[in-house]
Each structure stands twice: as C-alpha cells, then as structure tokens.
1. What does the charge count near P320 come to, summing +1 for each Lys or Arg and -1 for each Asp or Glu among other residues with Cβ under 15 Å from its Cβ?
2. For the chain, what's the relative contact order in percent, using C-alpha pairs closer than 8 Å and at least 6 residues apart?
3. Starting from the Cα of S28, step 7 Å along the direction of its Cβ; do the same at S56; then give the gap between the two resulting points in nm.
4. Given labels modelled 7 Å from the Cα in the Cβ direction, how far is it in nm from N194 to L259?
5. How would you rank D252, D185, going from fewest to most other Cβ atoms within 10 Å of each one's own Cβ?
6. Of all DSSP beta bridges in the chain, what percent run antiparallel (nearest 5)?
7. Where nothing but the Cβ of Lys and Arg (+1) and of Asp and Glu (-1) is charged, how large is the charge dipole of the chain around its Cα centre, in debye to the nearest 20?
8. In whole Å, how far is the Cα centre of the range 203-221 from that of the range 242-283?
Amino acid sequence: MKLCTIVGARPQFIKAATVSRAIASTSSIHEIIIHTGQHYDANMSEQFFNELNIPSPGYHLSIGSGSHGKQTGEMLIAIEEVLLKEKPDWVLVYGDTNSTLAGALAAAKLKIPVAHIEAGLRSFNRNMPEEVNRITTDHLSTLLFVPTENGYKQLLKEGISQDKIAIVGDVMYDATLYYNEFNLDRETIVDSLNLDPKSYCLATIHRAENTDNLNRLRNICDALIELSHTKCIVLPLHPRTRSQLKKYHLLDNLLEYILIIEPVGYLDMLALEKNANIVITDSGGVQKEAYFNRVACITLRNETEWVELVDNGWNRLCPPDKPFSLLGYELHNTPNQAASSMDQLYGNGEAAKKIVEMICQ
C-alpha cells in the first residue's frame with residue numbers, strides 16, 4: 001500500500017513523527033511525505049524534522065506564506081501534481097491548516113481516499129480559518145480519526161456516517177509520552193537558561209486574532225508585564241508576533257520585563273512546558289501539551305476546540321479584549337485543577353498504532 005502524508009506546519013510535524021514511526025513498524029505501507037512549505041523558516045520546519053527523526057520528505061513544495069486563498073490554491077495545484085504522479089492508495093492529513101485543506105481537496109477531486117487525523121474538533125467560530133479548514137476536511141474524508149468522544153458526537157450531528165469515524169485518542173499524547181522520555185537523557189533549554197523548575201510562566205502568542213489586533217496585542221503585553229513583577233515569564237517569540245510587536249512599537253517595552261527567546265524545537269518546548277508553573281497561550285496544541293504535562297493553562301481566546309480541558313478544570317479561557325488590568329488579575333489566578341481530570345481524556349498513548357491498523361484493514 002502506498003500512502004502520501006501531507007504536512008506543512010509545526011504541529012503536523014510532531015504528529016507525523018508519531019504516526020510515521022508506527023508506519024515504519026509495518027512492512028505493508030510505503031509512506032511518501034509531502035511537505036508544503038507552509039512553515040518555511042528553519043526554526044519552524046527543518047529543526048523539527050531533524051530532532052524528531054521524521055523521514056525526509058519525498059517532496060518539498062516550498063509554497064511559503066501568502067493570503068489564505070493564494071496559499072491554499074498554490075498548494076492544491078502542487079499537491080495534485082504529486083498525487084497524479086504517485087497514485088497513492090491513501091492520503092493522510094493532519095489538523096486544520098491550509099495544508100490540510102489543500103491535501104484533502106486535491107485527494108478528493110482525484111477520488112483518492114482521505115484519512116483525517118484530529119477530526120471532529122470545533123470551536124464554532126467561523127471567523128477562524130482553522131474552523132473552515134477542519135469542517136471542510138472532515139466532510140471530504142473517508143476515515144475520520146477523532147481524539148475524543150466530543151469529536152465523535154459532533155461528526156454524527158453533522159451527518160457523517162458512523163462507520164467512517166473512529167475514536168483513537170490523540171497522537172499528540174503519544175508524542176508527549178515518547179519524547180518526554182527522550183528528554184531525560186539530554187540537556188534542555190530549561191538547563192541552558194538556568195530556569196528553576198515550576199517557578200516560571202511559559203507564554204506563547206501567535207494567533208492572528210491576537211497579533212493582528214492592536215487592542216488585544218497591547219492588552220496581552222500589558223498583562224504579561226504586570227505578571228512579570230511576581231513571576232519570571234519565558235516567551236518563545238513566533239516570527240509573526242515579533243513582526244507585529246515591532247509594527248505597533250511594543251517590543252522594546254516587553255523586552256525590559258520578559259525573557260524573550262527565539263522559537264524553539266519541539267523537544268525544548270516540551271521541556272519548557274513540563275517544568276513551567278503555568279502556561280499562557282493562544283495555541284491549540286500547547287493547551288493539550290500543558291495538560292499532558294499536568295500544568296495549568298490559561299488560553300488567550302474566546303473559545304477552544306479542547307472543551308474537555310475547560311470542563312475538567314485544567315484550562316481557563318481568558319479573552320484578551322478585556323481591559324489589561326482585569327486580564328492581568330486573571331493571569332495571576334491559575335485554573336482550578338480537578339483531581340478527577342487525571343483520567344485519560346485523550347486516549348492511552350496508542351493512537352498512532354490504532355490509526356495505522358485501521359488504514360491497513
């Protein structure tokens with residue numbers, strides 16, 4: 001069986017590392033990785049392939065950035081050419097990026113079965129490009145691998161046939177378990193920055209709704225500065241966020257109070273998350289990774305796809321359009337972690353194995 005895996009963004013590299021490792025354990029699948037180039041910066045792309053030992057892409061499309069329509073359209077054209085050449089039995093896509101949508105569209109048009117990992121998630125906010133991508137991809141897919149019971153129920157509500165849906169758990173949980181063990185034998189960024197475990201706050205900001213909105217971005221900066229008076233804050237700075245901070249003349253003031261570092265690889269990010277006292281983020285993946293490492297999280301968004309984390313007390317939504325004084329107060333008060341939430345919300349760490357077994361059937 002020939003399978004084409006389509007990736008393009010950091011979270012997809014991590015998920016692909018886990019599933020590709022499971023694929024490599026079977027002789028019945030020949031995997032070809034297609035990298036769209038959606039994340040084209042070395043710190044956001046090649047570093048992940050190298051340190052996670054992901055098989056080298058068979059194709060690197062080098063699409064790069066652009067408007068959603070332009071980027072998705074260029075990906076669609078390029079992916080279609082590869083699929084016509086390779087004629088795979090399956091196309092595997094991850095998550096909710098433009099790479100996901102383009103891969104699913106190209107395959108569906110060519111009548112190639114699509115397997116969607118991380119299906120069924122909904123924020124119910126159509127203003128988010130990711131929401132449009134994930135809904136469309138789900139309805140184009142032949143097999144939908146959902147991480148949670150909520151995702152399963154949502155797909156049934158949308159009329160997707162039950163026999164196309166499988167609850168397998170979350171491959172990101174597989175990855176966290178595997179690479180946390182790997183981190184035990186190496187020096188991480190926590191060591192090199194001389195950070196005291198459980199004494200600092202890890203923050204990440206990259207979502208366009210926050211970075212491209214001056215009011216929200218200023219509120220986040222002011223609240224983080226206020227929090228920095230009582231707690232060390234580490235901020236790996238996404239390239240887009242850095243650009244917007246410079247544009248709005250917010251970066252210099254932030255540098256006075258917060259430890260700003262360059263984007264880090266996945267292994268160092270895991271180490272930062274595991275050793276943090278609290279995580280503040282607008283990233284979907286980081287919300288889960290915080291929970292996997294049993295660290296409380298505050299999410300700088302109006303909604304989240306990962307409602308289980310909020311329901312179980314590990315995560316609290318904190319929209320950044322509030323006055324910064326109120327936002328700062330909320331950041332000082334960590335979520336109430338419920339002991340019952342230690343249950344397996346996202347499977348047992350064998351999601352990748354289950355996915356590969358089902359594709360082989």
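Laboratory data are not the source of any read-out in this text; all were calculated from the coordinates shown. Computed from a prediction, not measured in an experiment: that's the story for all the values here. Cβ: placed from backbone, ideal geometry, glycine included. Neighbour counts: every protein chain shown.
1. Here the charged neighbours net out to -2.
2. Once divided by the residue count of the chain, the mean separation gives 16 percent.
3. 3.0 nm
4. Output for this residue pair reads 1.0 nm.
5. Lowest count first: D185, D252.
6. 0 percent
7. 620 debye
8. 12 Å
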